[in-house]
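Trainee: Have a look at this one before I ask anything.
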2 protein chains.
Amino acid sequence: MIVYFTFDPRPDLKEGLLQDFPTIEFIFHNNIDHTVLKEAEVVVTYGEDIEAQQIRLAEKLKWIMVASAGVEKMPQKEIAERGIVVSNVRGIHKVPMAESVLAHILSYKRGLAWIYEQEQKAEWNRKSKATELHGSTALILGPGAIGSEIGRLLQAFGVHTIGCNRSGNKADYMDDMISFSALQKALPSADIVISVLPSTPDTQYLLKSEHFEAMKDSTLFLNFGRGDLVSTDVLIHALNAGEIAHAVLDVYEEEPLPAEHPFWQMNTVTVSPHVSSHSSRYLERSLEIFKPNLKKWLEGDTELINKMDIIRGY
Amino acid sequence: MIVYFTFDPRPDLKEGLLQDFPTIEFIFHNNIDHTVLKEAEVVVTYGEDIEAQQIRLAEKLKWIMVASAGVEKMPQKEIAERGIVVSNVRGIHKVPMAESVLAHILSYKRGLAWIYEQEQKAEWNRKSKATELHGSTALILGPGAIGSEIGRLLQAFGVHTIGCNRSGNKADYMDDMISFSALQKALPSADIVISVLPSTPDTQYLLKSEHFEAMKDSTLFLNFGRGDLVSTDVLIHALNAGEIAHAVLDVYEEEPLPAEHPFWQMNTVTVSPHVSSHSSRYLERSLEIFKPNLKKWLEGDTELINKMDIIRGY
């Protein structure tokens, strides 16, 4: 049985796999090799490198393990039609992403970018415009595993949390919950608006001009979900019109963000190059999910941990 | 009765004082006026502008309210000899300082300075070296009001906290407690070493070369207490020799830090210009302590909130 990694893990992690599964032929490549693809039963991918025609080519493929959260760049229809099992690494982004979101919020509130600028100029200037996170209100779009972890940490800082999802059903670490349809009414009370929503038909371009108009002009907006939550033009207009104060973005409509994109030059925008889930422990943790799954698979059990619905997207 | 502010608060805050205390003559100045000083019964100061000879001049002075945490720049002996009551704003730094410390720690772990640099170059580069705060160990020198608040927040991030004070007596939100004498032995287990110690005879130059030698070479060191905790030379040597990875400093042996000081140019040092306690709500909160105290004072009650021992320093 061939397990095909479309990327090349750290030597110690590969070594661990070979030792734990001596009967399996592992192939590690930094790109898609059609000869290997044709023979592989299992493919492990970051979810951005497989096209529809390659799914057709991969005749023996029965399970795709996606070492990522989003599957919107995968040929969802072709995978579903073939009945290929898909599992992901849901949950492992929770810690690094929540830490990144809190880092950016605290950096903004405590003026770290300004401190770094003074340092570059070797200028002792104590006129910091620092404000406090404590006592503010945050609205969290998508209070799932990651959103709730952000909510938990924000509550520790004395922040009132409002969760917002499709149903408005209860979520962990949210003081209040609202549905997407109640969003417009809730926005004027938020000091911070954070999205960690995946890209689904319900969330694509969910945020429109009227939502930004409803926000406080002091609002800090963070998009750490997917770039198609809001159109670039709507966001640029909201910032330039002073409808909100600042945006920290980790995701974009177009990635990589082109060099000539206006976001790079706007000092009301912090450009994070889609790294919020990065962690020195990322792959290690992915394999901690993959290994027990591979054991199950060898025993004929296809009810994998983090098995997902490729069409629904989560 | 004259209450003399040696600084000029925001108009709305002054207005509030005048309304609440119509019988008192308030004088607000941005510097020390000897004529006023001679007549004032109460002086409100940030604690850096009064010299010994001015205490002698201030014949009617009975109470000094210090809108700051440290009193080491005040003529402590002269104040004590005269029996002048001193009160401070202990406790109001807790929230902004703990938020600043967490902001710097998270920024370091999640690579924010690097993200800001890429942004300045308009360069999409995803090779972030981000690590996680979760699962690390922090040693907190001075787990008092501020230190415990830092401990509480770190614990929420899944950090193991070790408190260190003179006695080794229990402190809030510390998983373990040690005394100053056990410091050397505890340092090798810490990923982060944070000081919020005041300057007292026990803490001056408490950290020596051997302490930095004992730390992990990956240690993040933060000094948010007082600059005389460690000599500049010892710290520079430890950083240049790779004994620790990075220092975030908010306090210095010499303040303002001179323009030619090596810290400005070292990329293993983050220079914060003594702003960690700054907050848009700072003076507002100071006055929330001052007003009930002034009411007590008018009633002849000198047992003020946050009354302190000027010689002991806290």
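The values are calculated or read from the model by the stated rules, or taken from the named source; none is laboratory data. A quick note: this is a predicted structure, and the numbers were derived from the prediction, not measured. Quick reminder, even Gly has a Cβ in these numbers, built from the backbone with ideal geometry, and neighbours come from all protein chains shown.
Trainee: State whether one or more residues within region A:216-227 are within 10 Å of chain B (Cβ to nearest Cβ), touching a Pro at 6+ places or on another chain (Cβ under 8 Å) and closer than 27 Å to residue A:145 by Cβ.
Mentor: No; the residues of region A:216-227 include none that is within 10 Å of chain B (Cβ to nearest Cβ), touching a Pro at 6+ places or on another chain (Cβ under 8 Å) and closer than 27 Å to residue A:145 by Cβ.
Trainee: Can we say residue A:58 is at pLDDT below 95, small (Gly, Ala, Ser) and touching a strand residue (DSSP E or B) at 6+ places or on another chain (Cβ under 8 Å)?
Mentor: Considered against the rule, which asks whether it is at pLDDT below 95, small (Gly, Ala, Ser) and touching a strand residue (DSSP E or B) at 6+ places or on another chain (Cβ under 8 Å), residue A:58 comes out as no.
Trainee: In this structure, is residue A:260 facing chain B (nearest Cβ under 9 Å) and either more than 25 Å from residue B:111 (Cβ to Cβ) or at pLDDT 95 or above (or both)?
Mentor: yes
Per-residue answers, yes or no, for (1) touching a residue at least 40 places away in the same chain (Cβ under 8 Å); (2) in the same structural domain as residue B:242 (by TED's automatic domain parsing); (3) of a type outside the set (Asp, Glu); (4) in contact with a Ser or Thr (Cβ under 8 Å, 6 or more places away or on another chain):
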{"position": "B:256", "(1), (2), (3), (4)": "no, yes, yes, no"}
{"position": "B:260", "(1), (2), (3), (4)": "no, yes, no, no"}
{"position": "B:264", "(1), (2), (3), (4)": "no, yes, yes, no"}
{"position": "B:267", "(1), (2), (3), (4)": "no, yes, yes, no"}
{"position": "B:286", "(1), (2), (3), (4)": "yes, no, yes, no"}
{"position": "B:294", "(1), (2), (3), (4)": "yes, no, yes, no"}
{"position": "B:305", "(1), (2), (3), (4)": "yes, no, yes, yes"}
{"position": "B:308", "(1), (2), (3), (4)": "yes, no, yes, yes"}
{"position": "B:311", "(1), (2), (3), (4)": "yes, no, yes, no"}
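Trainee: Could you please let me know if residue A:149 is surrounded by 19 or more Cβ atoms within 10 Å (Cβ to Cβ), within 7 Å of another protein chain (Cβ to nearest Cβ), acidic (Asp, Glu) and not in a strand (DSSP E or B)?
Mentor: no
Trainee: Continuing with this model, one more query. Is there a residue being under 23 Å from the mean Cα position of the chain (by Cα) and of a type in the set (Lys, Arg) anywhere in region B:140-156?
Mentor: Taking every residue of region B:140-156 in turn, at least one turns out to be under 23 Å from the mean Cα position of the chain (by Cα) and of a type in the set (Lys, Arg).
Trainee: Anything in region A:152-170 that is away from chain B (no Cβ under 14 Å) and surrounded by fewer than 20 Cβ atoms within 10 Å (Cβ to Cβ)? List them, or say none.
Mentor: Scanning region A:152-170 gives A:160, A:166, A:167, A:168, A:169, A:170.
Trainee: Out of all the residues in region A:60-77, is one or more aliphatic (A, V, I, L, M) and over 24 Å from the mean Cα position of the chain (by Cα)?
Mentor: Yes, region A:60-77 has at least one match.
Trainee: Here's a follow-up. What pairs come out if I take residues in region A:117-145 that are facing chain B (nearest Cβ under 9 Å) and pair them with residues that are of a type in the set (Ser, Thr, Tyr) and surrounded by 22 or more Cβ atoms within 10 Å (Cβ to Cβ) whose C-beta lies under 8 Å away, six or more apart or interchain?
Mentor: Final answer for the pair search is A:119/B:270; A:130/B:100; A:130/B:279; A:131/B:279; A:132/B:279.
Table: residues versus (1) part of a strand (DSSP E or B); (2) in contact with a strand residue (DSSP E or B) (Cβ under 7 Å, 6 or more places away or on another chain); (3) of a type in the set (Val, Ile, Thr); (4) without any contact (Cβ under 8 Å) to a residue 40 or more places away in the chain.
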{"position": "B:161", "(1), (2), (3), (4)": "yes, yes, yes, yes"}
{"position": "B:167", "(1), (2), (3), (4)": "no, yes, no, yes"}
{"position": "B:173", "(1), (2), (3), (4)": "no, yes, no, yes"}
{"position": "B:184", "(1), (2), (3), (4)": "no, no, no, yes"}
{"position": "B:188", "(1), (2), (3), (4)": "no, no, no, yes"}
{"position": "B:198", "(1), (2), (3), (4)": "no, no, no, no"}
{"position": "B:206", "(1), (2), (3), (4)": "no, no, no, no"}
{"position": "B:211", "(1), (2), (3), (4)": "no, no, no, yes"}
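Trainee: Among the residues of region B:264-284, write down those that are closer than 30 Å to residue B:242 by Cα, more than 7 Å from chain A (Cβ to nearest Cβ) and out of contact with any strand residue (DSSP E or B) (no Cβ under 6 Å at 6 or more places or on another chain).
Mentor: Of everything in region B:264-284, those that are closer than 30 Å to residue B:242 by Cα, more than 7 Å from chain A (Cβ to nearest Cβ) and out of contact with any strand residue (DSSP E or B) (no Cβ under 6 Å at 6 or more places or on another chain) turn out to be B:265, B:266, B:267, B:276, B:277.
Trainee: Quick one: count up the residues across region A:89-116 that are among the aromatic types (Phe, Trp, Tyr) and either under 12 Å from residue B:107 (Cβ atoms) or within 7 Å of chain B (Cβ to nearest Cβ) (or both).
Mentor: The total comes to 2.
Trainee: Shifting gears a bit: Test each condition in (1) buried (at least 16 other Cβ atoms within 10 Å of the Cβ); (2) over 27 Å from residue B:68 (Cβ atoms) for residue B:184 and report the one that comes out false.
Mentor: (1)
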